[in-house]
Structure formats: structure tokens, C-alpha cells
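Just below is one structure, and these are the notes that go with it.
The values are calculated or read from the model by the stated rules, or taken from the named source; none is laboratory data. Please read all numbers here as calculations on a predicted model, not as lab measurements. Quick reminder, even Gly has a Cβ in these numbers, built from the backbone with ideal geometry, and neighbours come from all protein chains shown. Side chains are part of the model used for accessible areas, which takes the heavy atoms of the whole protein and leaves out ligands, DNA and RNA. Shrake-Rupley method; radii C 1.70, N 1.55, O 1.52, S 1.80 Å.
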Amino acid sequence: MRPEPGGCCCRRPVRANGCVKNGEVRNGYVRSSTAAAAGQIHHVTENGGLYKRPFNEVFEETPMLVAVLTYVGYGVLTLFGYLRDFLRHWRIEKCHHATEREEQKDFVSLYQDFENFYTRNLYMRIRDNWNRPICSVPGARVDIMERQSHDYNWSFKYTGNIIKGVINMGSYNYLGFARNTGSCQEAAAEVLKEYGAGVCSTRQEIGNLDKHEELEKLVARFLGVEAAMTYGMGFATNSMNIPALVGKGCLILSDELNHASLVLGARLSGATIRIFKHNNMQSLEKLLKDAIVYGQPRTRRPWKKILILVEGIYSMEGSIVRLPEVIALKKKYKAYLYLDEAHSIGALGPSGRGVVDYFGLDPEDVDVMMGTFTKSFGASGGYIGGKKALIDYLRTHSHSAVYATSMSPPVMEQIITSMKCIMGQDGTSLGKECIQQLAENTRYFRRRLKEMGFIIYGNEDSPVVPLMLYMPAKIGAFGREMLKRNIGVVVVGFPATPIIESRARFCLSAAHTKEILDTALKEIDEVGDLLQLKYSRRRLVPLLDRPFDETTYEETED
């Protein structure tokens, strides 16, 4: 399995799918030569009517000159990195990073391996763009603690000043429920008084509260499934439950851009893992066919299970899974489907029920529905929904359920209150208004950035908006310039992305007003001119078709 960075950062190699080419119709799209010249994509009803709505997801190719200059930039930084390592070795330059003690010089190196080269010599140059401490609610605006470094980002000192009212374009607060006022805060405060902050036990011992039962019934009703189970940590929901579902003799087919939690869970399971190209149904079907025809390596026995792992919204691309086609393939080849809706639940669909609701599909067609409460619900933890038999099995076999401490009562109440608000069970239309506001903000923000000349990735309905920076020097420069203008953004570079595809990632929220977005867009426009980031040539193309060979997937065997 290919390595993945931590957090929500996912690698994104060259992408491919079954879109159009030279006027062909594939995966519900047609692109004529006229449309190609105009840079337009037209939706058509194909694939047996799988798509009930337009699915517009286009990517602009990296300009050749920009790609060359990006490689040159990384090359220059690498050469200077080797020079600085040489100077540190001979103690000409002060060495700040961890080193082995003299008496351990014959041991296998613990710190000074080659993998730390990037951290020492490239990441440190722009380290000030990450881990900035905030001291307020992560709402539409945040307060950031000011800090300075006098040793080139090896250490930081806090000045004692607070940068007030920074526009927050980085938090996953999609529906705006991360706040310290309103019904959610009041309900959580009441539960805190009654139950306290912690449970101090696992669910199977004495940590199963009535609130846990209430939450799980509500989640199952919200998702439209038979039963659901909740967990205290979203990452562990994936990494600890996948090993409970598959093991040796099973096959996992994983999208190449899946989150690190899915990757870790797949590795821990002991199952064979094969990777298909991002959102590419041709690549997925090829692997499914091969799995059925050839079976397990060496023995050629049939696989015990075939599990497809996909995400609703891919957090670094802003792309949405082609769920109707994935479900069609899953049914055709009798596989199981595991859907991670961490970013899509609450943020997509007319009723906020995620990518299944977005495409108007039946929840029963997804075998394992996973999601988190850390984003749209403004809380923490995760859930798995599905058949009652599945949930009953996980209650006794999932490490995250058996050994982890139960979810905190005030956190549960935050989820319950926000979910009832989304469902309209609070007696107001606030939830529906938040979903509509997020959709409007997403389309407006994406359209304006494209009009300015930036290269933007992802689906037009995705609230995750990657703006391409490309060159390494512009990663740090963009983050710093935006903060100077009171805009907090997330910038991402290699190895979280391909080396030539560094980017800034904006996350839209229903809490953002049009005035806030216009202010942010004005400053982004100015910084774009200052750093010359407007690379777009208006040549929008779908995900590229790519021929398949034996390198289409990788395999790990026991």
C-alpha cells in the first residue's frame, strides 16, 4: 500500500476517469470540439440513467512552464539542503534538530534518516504556516495568538498579542454549528451540569449512558438505516473497524486518494490491498474483474470478501465520489461497499444527509456508512451505520468499541441538538437554511475564484475548494500574506500532495456571510496578483483518461 501523510491530507497523483474524449460519451458526459474550445462540460443522461443530476467535476491541467519551474524550485531547495547538512555535520552551522549521542554512533540511526531531510531543509522554511494556536471558537472569524521565531522556525515565542477577528477559511465548520452561543451550546451546558464531562469507562462496562442510546437511534434515523454505532474518535472509527470487517483472504479495493485513517485500517486488517485510480470507474472495474477471474494469488481460491473503500468528498481534491457508478459495479460483481462520509455528511444533499442524499440513492445500497461528527456537527467522534446484524457484530468485535472510553456527554448533546436542527425536529427551519446557505456560498466562492483566473480543483458543489499554488516558495508566501490581511487559510504541499501540486485549501461554511466572502475574495485577488498565482488559461478538462497496465494497482500480500 502506498504511504499516506497524516491528518486530512491525501496524496493526489495524476488522476484519471472515464470522462469524455473527442466527443465520446462516457460516465454521463459529452465534450464536443466546440464545447472543448469554450471550456464547457455538458451533462447528458447516460449509464442507464445512473445520474439524476448534473455532475460537474473538472480540473485544469498544470501549465508546462509552471511545472518546470516548480521542479527547478524543489531542485534548488534540495541542493541547498545538502549544503546545509554538510555545514551542520562539520559544525559550521548550528544544528537544531535531534541528533544521536556520541556513545550511540554505532547504533542504527534513530533520528538522522533520509526521510527527515525534507523536514529539516524544506518544511522548516515554511513551518510558521501550520500549528497556529487559536484562542476562540472556530467560527466564521477566529482569534489567533501571535508568535515569532528568531531561529528560522525551529522554535516559536508568543508575543502576548492576539490577532482579533481573523476570517476563518480553514475550519471544517460546514454548517456553522461550531459556536459558543445558541441552542447547541445551551443544551451541551445543561448536560455538562447533569452528567459531567467524562464517562471514565467503556461502553461494555459501565460507560453506556442513555445519551449514547438516544444518539445512536437518532443517527440511524438520520441516515435511513436499521442501526448505527458511535465512537469517540473519527480517525479510529476507520482504522479500528476495517480490521474487524475484513482479514486474511479478503481483498480491499481502495481509491488512491483515500484518507490516512482508511489506509491504516486497511493495512491493519491483513487483507490484500489493491489501489484504483481516483474516481476512475474503468480502473475499479478492471480490478473487480481480475479479482473474480483470478482469485487469490498462488492458490487461485475465491476471495472471502471484496470490500470497496471510497470517500464522499475527498478532502484535498474537493472531488465527490461517483457513487451511482460505484454502487452499480458493487452490485454487478457482488462486492461490499464502505463509504466514508467524513466531509460529505451534513455538507451535501438537499436534506444534509451526505453523498447518498446528494445523488438520491437508497442508503441500503451502501453496506457500511461511516462518517464523523467533527465537521458539520461541530463536535467530535464518528459513527458507522448499516444493517442491524452489522452493528451487532461490531459491538463485540470492534477494538474501538470494546476498548475505547465512551463519548463525552456534552459532546453527544452537541451532536444530538445539531442533528435534530438539520432534520427540522427542533421546530425551526434553521438547519435547512444552513444547508442552503452552504450550497450558495460554495457555488459563489468557486465561481468568483475562477473568474479571477485561479486554477480551482474539485466538484462545483464541494465546500472544499483547493486553489493551486504549485511552486514551493509560494506556499509559505501565500499563507503569510493572507494572515497579514487578517485571513486564515490552510496551505498544503509535498508530501501531502504531489510535488508539483501544492495548494491552498479553503473550506466554506454556512456561517460565512456574503460580506465575509467578498472581503476574503478581495484579499485573495490582491495576493494572487502579488504572487502571480493566476495561472488559469480557461482550458477546463475533465479527469483525464489513462490507459491501464500492470501498474494500475499495487498489491500487498501476507
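Only one residue of 96, 509, 287 has its Cα farthest out toward the positive end of the dipole of the chain, where Lys and Arg carry +1 and Asp and Glu -1 on Cβ, and that residue is 287. For the peptides 69-81, 283-295, the ranking by packing is 283-295, 69-81, with the highest mean count of neighbouring Cβ atoms within 10 Å listed first.
Note on residue 123: accessible area approximately 60 square angstrom, rounded to 10, probe 1.4 Å, nucleic acids and ligands left out.
Show me the ranking of peptides 224-236, 249-261, 52-64 by mean Cβ neighbours inside 10 Å, starting with the highest.
By packing density, highest mean first, the sequence is 249-261, 224-236, 52-64.
Accessible surface for the chain, divided over its residues, is 44 Å² per residue with a 1.4 Å probe. Partner lysines whose Cα lies under 22 Å from the Cα of residue 514, excluding those fewer than 8 positions away in the same chain, are identified as 164, 375, 432, 450, 484, 522. At a Cα cut-off below 27 Å, give the lysines reachable from residue 94, other chains included and same-chain residues fewer than 8 away excluded. Counting by Cα, and skipping residues close in sequence, residue 94 has these lysines nearby: 105, 157, 474. Looking at the range 319-424, the trypsin sites (Lys or Arg not before Pro) that sit in a DSSP loop and have at most 11 other Cβ atoms within 10 Å of their own Cβ are 334. Annotation: amide H-H contacts under 5 Å for residue 382 (H modelled 1.01 Å from N, sequence separation of 5 or more, or interchain): 231, 232, 233, 234, 373.
I'd like the GluC sites (Glu not before Pro) in the range 162-203 restricted to DSSP loop residues with at most 12 other Cβ atoms within 10 Å, sorted by number. Write out the running numbers ahead of the final one.
Working: sites: 186, 190, 194; in loops: none.
Filter output for the range 162-203: empty list.
Please give the contour-minus-distance gain from residue 387 to residue 119: 0.36 nm per residue of separation, less the Cα-Cα distance, rounded to one decimal in nm. It would help to have the intermediate numbers written out before the result.
Details: separation 268, 0.36 × 268 = 96.48 nm, distance 4.49 nm.
Contour length minus the Cα-Cα distance gives 92.0 nm.
Could you point to the label whose value was computed as Rg/Rh (Cα atoms, Kirkwood Rh) for the structure here, given (1) 1.31; (2) 0.96; (3) 1.09? Evaluating Rg/Rh (Cα atoms, Kirkwood Rh) on these atoms matches (2). Charge tally for residue 217 (other residues, Cβ to Cβ under 14 Å; Lys, Arg +1; Asp, Glu -1): -1.
For the range 208-269, the fraction of C-alpha pairs more than 15 angstrom apart is 60%.
Apolar share of the accessible surface for the chain: 55 percent from carbon plus sulfur atoms, 1.4 Å probe.
What FRET efficiency, computed as 1/(1 + (r/R0)^6) with R0 = 41 Å and r the Cβ-Cβ distance, is obtained for residue 305 and residue 68, rounded to the nearest 0.05? After rounding, the FRET efficiency stands at 0.35.
Loop only per DSSP, at most 16 neighbouring Cβ atoms within 10 Å: give me the trypsin sites (Lys or Arg not before Pro) in the range 119-183, ordered by residue number. Answer by residue number: 179.
The antiparallel fraction among DSSP beta bridges confined to the range 195-346 stands at about 5%. Report summary: the helix-based calculation at 222 nm, which adds -39500 (n - 2.57) for every DSSP H run with n ≥ 4 and divides by the residues of the chain, gives -11000 deg cm²/dmol.
Determine the sum of side-chain charges near residue 361: Lys and Arg each +1, Asp and Glu each -1, restricted to other residues whose C-beta is under 15 angstrom from that of residue 361. Mind dumping the intermediate values first?
Numbers: positive: 52, 53, 322, 330, 331, 353; negative: 325, 341, 357, 362, 364, 365, 367.
So the surrounding residues net to -1.
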